[in-house]
Structures are given as C-alpha cells and as structure tokens.
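Engineer: The following block contains the structure, expressed as structure tokens.
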Amino acid sequence: MEAQAFERAAAQTLQWLTEMTGEQADVIRARIMHCTSAEDCIAIIEERGSKMRCCPHCQGTKLYRHGVFYGLQRYRCRECTRSFNALTKTPLAFIRLREKWLPFLQCMLGSMTVRAAADTVGIHRNTSFRWRHRFMAMAKNDRPRPLQGIVEADETYLLESQKGSRHLTRPARHRGGRASRRGISHEHDCILVARDRMRQTCDFVTGRGQVTAIQLKACLMPVLSPHALLVTDGAAAYKAFAKATGIPHVALNIRAGDRGNRFLHVQSVNSYHSRFKGWLQRFNGVASRYLPHYLGWRHVLEQRRIATPQLLLRAALFPRGS
C-alpha cells in the first residue's frame with residue numbers, strides 16, 4: 001500500500017473508532033487482542049537474548065543461564081555475579097502486560113493517538129503515552145547507512161514546544177502560540193533530513209535556530225558515502241560544510257527560482273518534510289524533547305518495510321543504527 005493511501009486508511013479507521021459505541025469498540029478490541037499473543041512477544045524478545053554475548057552491566061563474556069523470570073530467560077555473569085535478561089538496560093525493561101504489546105504496536109502502525117490506542121488495547125492513557133516513547137526510543141535509531149549516489153539534504157523548522165513540562169523556561173503559549181518574531185530564530189527546532197534516490201532517509205534534530213556547518217558535519221558525515229553527491233539549497237552552511245569536508249556539492253538558488261532539473265533537485269526531501277508535518281498534526285503538537293521519537297515513528301511508516309506489529313517490535317529491539 002502506498003504511503004498516501006495508508007494515511008487515508010489510517011485516518012478513516014481513526015474516525016470510525018471515535019464514532020463507535022461501547023459494544024462495537026469491545027468487539028474491535030477483542031479481535032485485536034486475539035490476533036497476537038504474549039508467546040509471540042516473548043519469542044521475539046528471546047531472539048535478542050540468544051544473540052547477547054556479553055553482560056550489560058560489566059561487559060563480561062562468561063555467562064550462564066540462571067532460571068526464568070516472568071517468562072523470560074535470565075542469565076548470570078560469572079565476573080560481576082549480576083543477573084539480567086534480554087531487556088536489561090533497554091527502554092523496554094520493566095514494562096509489564098506483554099500480552100498487550102503487539103496489539104498496542106498495531107495501533108502505532110495505524111498512527112493512533114494516545115487516547116485512541118489506550119481505548120482500543122484496554123490500558124490507561126498514561127500507560128499508552130509511556131509505551132509509545134519506550135518503543136520509539138530504540139526504533140528511532142533504525143536508519144540506513146550509508147546514503148549513496150545523489151543525496152538531497154534540507155532542513156525544516158517547528159516551533160519549540162515544552163508540552164507537558166511542569167517547569168517552563170519561558171512564558172506559556174496558548175494552544176501552541178506563535179514565535180515572537182518573523183523568520184527562523186532560536187524559538188524554532190531545526191529538523192535536518194537527508195534522502196537518497198533509493199528513498200533511504202536519515203533525519204536529525206540539530207537544535208534551535210538555523211543549522212550550522214558544524215552541526216552538518218556531526219550529522220551528515222557518518223551517514224554519507226564518500227562518493228555521494230550532495231544536493232542542497234543555497235544556504236551558506238551547506239557550502240561551508242562541503243568545502244571543509246571535500247564532499248561533491250551542488251547548491252540550488254531556490255530564492256532565484258533555480259529548481260534544478262530532473263536529476264538534481266531537492267523536491268524529494270521537501271516532500272518528505274510536508275508529509276511529516278501533515279502526519280504530525282493529528283497529535284495536536286508534540287514536545288520538542290520527543291521529536292526524535294516521532295521522526296523514528298514516521299520513518300517506520302514511510303519506509304513501508306514494517307507492516308506487522310511483530311516487525312515493529314523487532315525494529316525496536318534490533319535497530320540498525322545502534
């Protein structure tokens with residue numbers, strides 16, 4: 001299914017869920033709950049455990065099995081004598097109700113809001129919020145490396161948000177509010193996106209205000225192939241970055257109407273920006289500190305590699321970028 005068709009189907013499904021009666025919602029919940037099981041979830045977790053070669057506490061390699069706890073195999077390290085399982089020192093450690101993990105991940109594949117997912121799976125809305133960010137804390141690193149061939153790079157900006165914070169560092173805005181002045185300033189979060197012609201995408205939250213050459217070097221150098229051709233707009237930071245690193249670079253003067261040609265352009269990355277911002281609107285604003293999680297979530301949906309909750313759980317447990 002194409003990304004746009006998937007988004008339309010997800011939005012229609014969400015509308016149906018909000019219009020359902022209590023009995024209808026119970027039927028949907030029961031069907032989702034029975035499509036997967038706790039055994040499936042534990043089996044995927046144990047895949048990670050079977051690949052562990054060192055202790056997460058001391059990095060020791062002398063390990064042995066040490067019983068089963070809450071359905072998960074435990075291991076013990078002979079060097080530090082501490083025990084652990086496949087989830088120790090991960091964001092998913094100590095999360096209970098594993099029989100509801102996969103149904104919840106199915107809701108995430110449908111881009112459901114916190115409350116809609118909580119009602120569908122049968123958990124509290126606070127639990128739904130915590131689970132969302134626990135799962136995405138690892139999946140956000142699931143990125144391709146390196147980007148090859150022609151690579152487009154451009155940044156987009158979102159107004160900084162401290163949604164949910166109890167200790168604001170600035171006066172509160174009402175319903176999101178607006179920046180105090182026009183243009184890009186330190187009141188905006190910068191999101192840098194790089195995308196090659198194979199639709200492989202890497203994204204970064206570089207900080208507040210306009211992106212700098214130093215930030216570009218820190219973000220792009222680890223993910224760019226040495227033979228990649230970087231295509232950007234005419235911003236000075238990209239020119240300084242390309243000159244300092246020796247990366248082949250084509251700068252398009254967008255303000256002067258230079259849109260490039262059928263091969264050299266930044267339309268793919270700008271389209272990605274548009275789809276991300278449109279998808280983000282359903283959540284009525286997100287906190288700046290969680291932006292990497294939402295970028296990871298969108299990346300999972302955009303790549304269309306992950307179509308089942310089992311695959312999404314594997315992406316969370318085995319991120320390629322970690």
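The values are calculated or read from the model by the stated rules, or taken from the named source; none is laboratory data. Everything quoted here is computed from the prediction, not taken from an experiment. Reconstructed Cβ throughout: ideal geometry from the backbone, glycine too, with neighbour counts over all protein chains shown. We work out accessible area using only protein heavy atoms, side chains counted, and drop any ligands, DNA or RNA first. Shrake-Rupley method; radii C 1.70, N 1.55, O 1.52, S 1.80 Å.
Engineer: Among A251, A244, A240, which is the only one that is in a strand (DSSP E or B) and open to solvent by 40 Å² or more (accessible area, probe 1.4 Å)? Quick ask: steps written out before the conclusion?
Structural biologist: Details: A244 fails: in a strand (DSSP E or B); A240 fails: in a strand (DSSP E or B).
Just one listed residue meets the conditions, A251.
Engineer: Considering segment 75-87 alone, what residues qualify as being open to solvent by 50 Å² or more (accessible area, probe 1.4 Å) and assigned to a strand (DSSP E or B)?
Structural biologist: Within segment 75-87, just R76 meets the criteria.
Engineer: If you don't mind, there's one more thing I want to ask. With S268, S288, S322 as the choices, which residue is open to solvent by 50 Å² or more (accessible area, probe 1.4 Å) and either of a type outside the set (D, E) or at pLDDT below 90 (or both)?
Structural biologist: When all the criteria are applied, what remains is S322.
Engineer: Given the criteria crowded, with 18+ Cβ neighbours inside 10 Å, assigned to a strand (DSSP E or B) and not polar (S, T, N, Q), does C219 qualify?
Structural biologist: The answer is no for C219.
Engineer: Which condition does L14 not pass, out of (1) open to solvent by less than 60 Å² (accessible area, probe 1.4 Å); (2) modelled with pLDDT under 85; (3) part of a loop (DSSP other than H, G, I, E, B), if it passes all the others?
Structural biologist: (3)
Engineer: Confirm whether A116 is at pLDDT below 90, under 22 Å from W297 (Cα atoms) and among the hydrophobic types (A, V, I, L, M, F, W, C).
Structural biologist: no
Engineer: Moving on to the next point. Taking only segment 225-237 into account, find how many residues are open to solvent by 20 Å² or more (accessible area, probe 1.4 Å) and either basic (K, R) or within 20 Å of Q267 (Cβ to Cβ) (or both).
Structural biologist: 4
Engineer: Tell me, which residue of segment 44-69 that is free of Cβ contacts under 8 Å to residues at least 24 places away in the same chain and either assigned to a loop (DSSP other than H, G, I, E, B) or under 24 Å from the mean Cα position of the chain (by Cα) (or both) is surrounded by the most Cβ atoms within 10 Å (Cβ to Cβ)?
Structural biologist: G60
Engineer: Continuing with the same structure: Quick one: T169 ticks every box in (1) over 21 Å from the mean Cα position of the chain (by Cα); (2) not in a loop (DSSP other than H, G, I, E, B) bar one, so which box is it?
Structural biologist: Condition (2) is where T169 drops out.
Engineer: So is V193 assigned to a strand (DSSP E or B), closer than 22 Å to F241 by Cβ, touching a helix residue (DSSP H, G or I) at 6+ places or on another chain (Cβ under 8 Å) and open to solvent by less than 100 Å² (accessible area, probe 1.4 Å) or not? Can you show your working first?
Structural biologist: Details: assigned to a strand (DSSP E or B): yes; closer than 22 Å to F241 by Cβ: yes; touching a helix residue (DSSP H, G or I) at 6+ places or on another chain (Cβ under 8 Å): yes; open to solvent by less than 100 Å² (accessible area, probe 1.4 Å): yes.
The answer is yes for V193.
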